[in-house]
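The values are calculated or read from the model by the stated rules, or taken from the named source; none is laboratory data. No experiment lies behind these values; they were computed from the predicted model shown. Don't worry about glycine lacking a Cβ; one is built from the backbone with ideal geometry, like all the others, and counts go over all protein chains shown. With ligands, DNA and RNA removed, areas are computed over all heavy atoms of the protein, side chains included. Shrake-Rupley method; radii C 1.70, N 1.55, O 1.52, S 1.80 Å.
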Amino acid sequence: MADLGDYLIKKGLLGPEQLQEAETVATSRKLKIQDALVQLGYATAEQVMRALAEQHDYEYYDLDNVPIPPAVVELVPESVARENSVLPFSEEDGKLKIVVSDPLDFETFDKLKFILNREVEIGLATKEQINEAINRNYGQMDGESADSMLQEFTDTAIDFTETEDDADSDDDAVVDENSAPVVRLVQLMITEAVQLRASDIHVEPFASRIRIRYRIDGVLIERDSPPRRLLSALLSRIKILAKMDIAERRRTQDGRIKITAGGKELDLRVSMLPTSHGQSCVMRLLDKDNIRVGVRQLGLSERDFKVFRALTRRPNGIVLVTGPTGSGKTTTLYAALNELNRPDRKIITAEDPVEYYLPGINQVEVRHSIGLDFALIIRSMLRQAPNVILVGEMRDYETASMGIQASLTGHLVFSTLHTNDAPGAVTRMVDMGVPAYLVAGSVVGILAQRLVRVVCSKCKQPHTLTDAELENAGITPEQAAKASFMKGAGCSHCGDSGYRGRLGIFELMTMTAKVRELAFSGASTVEIGQAAVKQGMTTLYDDGIRKVLAGITTLEEVFRVAKSNH
């Protein structure tokens, strides 16, 4: 498959150094070269697939919004389609056109010929598009969705709360049409959330209804409400899956669910909170694909990318990532750890809780009930002689001072802080009680970040901003003349929102001599910020505006997450 790289170089889509880096990553992570190229951001999945199609003389298909006749879909069982990531596309003269994502998977082609007992012709499409098309087409055939099932519950007077008796049923049992209705509803709810790319599911009880909402690209979207009488059965089923105490309704509870939905193995982190109308439940969907990103795909500008990469390769010091909850701090830190995760380095993390399990990294979960907190874990982990340490959050003086001690004794320490911008992290640590000279001497870089939604690639169209909008945003006429402002019209690909996916906007402050001097003398956040900007730091807002000018996101998104510095 190495010749794919040469082919892409010949087409001018890739440079030799990029290919070499992709080959190294592919070997170390046991990936195919095409997957490594996509992960590193050197080529899109579509570019790679089009190149493979040209190279192997197959036809490339864009599966978005392409209807496939039900008669063709029925020719391949859903289990076969999902297991092998293949999609029946069309039938002609007894030949079945099958769309796949790997043109060299001859074993699967032979298996399909044997199972289907007919001649098979191959076409290519990206794996993501194939899986989405499978969900779309087979979902329609099932005739059952969370919406249709909720309708079924609403229309009938039968009380399904008896399904609590299923508490003794096997958690791993297959959920099919013979399962109890609430069991099927919970499974469908999770599957639908996966198909819609939701990051969490909220089940909230009110006086006369239950509200179900999915958070998609950071924004909550409401789904159909099940009748109020279903609440206890719904929560009991979730508690059974999360191995929680079903009888406990007055205390908060936390648990985890391992489940297969939408063809993916998922981890769900479940939280139960008693409210005045019953227990409110939030399920956070932890998709391992989300943290397989490299630093390159986070959205850092070229300058910030080089500086951040240099920081992560230092032998010692503290690198802080700051921002509110849900701003992608964990993803950024894991991307950095993924790059550093080599056999010659020992990496230990202290997290509260461990959300994603990373192979090759020693992860420790904080357990306050037995006194296993951040400070104690850091003290113990230093005896294990690590090269790199990740401290989930510096939330008090003891944790911060232990992290600083670790950095001063020759360790590279990554951690997070909840501050609004990068300069604020310095004063926050001093406010915690850490001496200013220790902060100035140990912190080497601070990255503040937010997430903005990306304009949908399928329905984006040029957009003109008014003079008032430009002036309000601080965009000069010269900048506007060179810009390519975009807005999504809304289509099936993005659920009519005009956005699909998210990207970070960043503010990276390095501890230059001037900034260190100001931190040492106890200067204010504003003074430190002004000095950092003079020395080349791009603020969160300016990085957001840069992405607006490039047509990646919109002004509304930047205003939603970052305050103007004009």
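Observations on the structure shown:
- Counting only Cβ charges, +1 for Lys and Arg and -1 for Asp and Glu, the dipole size of the chain around its Cα centre is about 2380 debye.
- Ratio Rg/Rh, restricted to segment 368-430 and using Cα atoms, in which Rh is the Kirkwood radius: 0.98
- Taking every alpha-carbon pair under 8 Å whose residues sit at least 6 apart, the chain reaches a relative contact order of 9 percent.
- Shape call, segment 68-143: gyration tensor on alpha carbons, a/c limit 1.5: oblate
- Surface composition of the chain: carbon plus sulfur atoms contribute 49% of the solvent-accessible area (1.4 Å probe, protein chains only, all chains present).
- Cysteines in the chain lacking any other cysteine Cβ under 4.7 Å from their own Cβ: 281.
- The candidate values are [x] 3, 15, 22, 26, 21, 10, 2, 0, 0; [y] 3, 12, 14, 14, 10, 7, 6, 6, 5, 6, 5, 5, 4, 2, 1, 0; [z] 3, 14, 20, 22, 19, 13, 7, 2, 0; the one derived from this structure for P(r) over Cα pairs in 10 Å bins from 0, in percent carries the label [x].
- If you take the Cα centroid of segment 95-116 and the Cα centroid of segment 200-275, the two points sit 39 Å apart.
- For the cross-link pairs 487/563; 458/487; 127/288; 30/306; 239/264; 32/127, the ones whose C-alpha atoms lie over 18 Å apart are 487/563; 30/306; 239/264.
- Taking every C-alpha pair closer than 8 Å and separated by at least 6 residues, the mean separation divided by the residue count of segment 17-73 gives a relative contact order of 18 percent.
- Segment 291-352: relative contact order as a whole-number percent, Cα under 8 Å and 6+ apart: 46
- Per residue, in Å², the accessible surface of segment 388-523 once ligands and nucleic acids are set aside, probe 1.4 Å: 42
- In segment 1-109, the trypsin sites (Lys or Arg not before Pro) that fall in loop regions by DSSP, at most 15 other Cβ within 10 Å: 11, 30, 32
- Separation of the residue 464 and residue 31 label points, Cα + 7 Å toward Cβ, nm: 4.2
- Excluding ligands, DNA and RNA, the accessible surface per residue across segment 272-342 is 39 Å² with a 1.4 Å probe.
- Rh by Kirkwood over Cα pairs, then Stokes-Einstein D for segment 426-488 at 0.890 mPa s and 25 °C, µm²/s: 154
- Protection proxy ranking, peptides 279-285, 459-465, 366-372, average beta carbon neighbours within 10 Å, highest first: 279-285, 459-465, 366-372
- Rounded to the nearest 5, the antiparallel percentage of DSSP beta bridges internal to the chain is 65%.
- One Cα centroid belongs to segment 23-67, the other to segment 509-563; the line between them spans 36 Å.
- Length available on full extension from residue 247 to residue 276: 0.36 nm per residue minus the Cα-Cα distance, which gives 8.7 nm.
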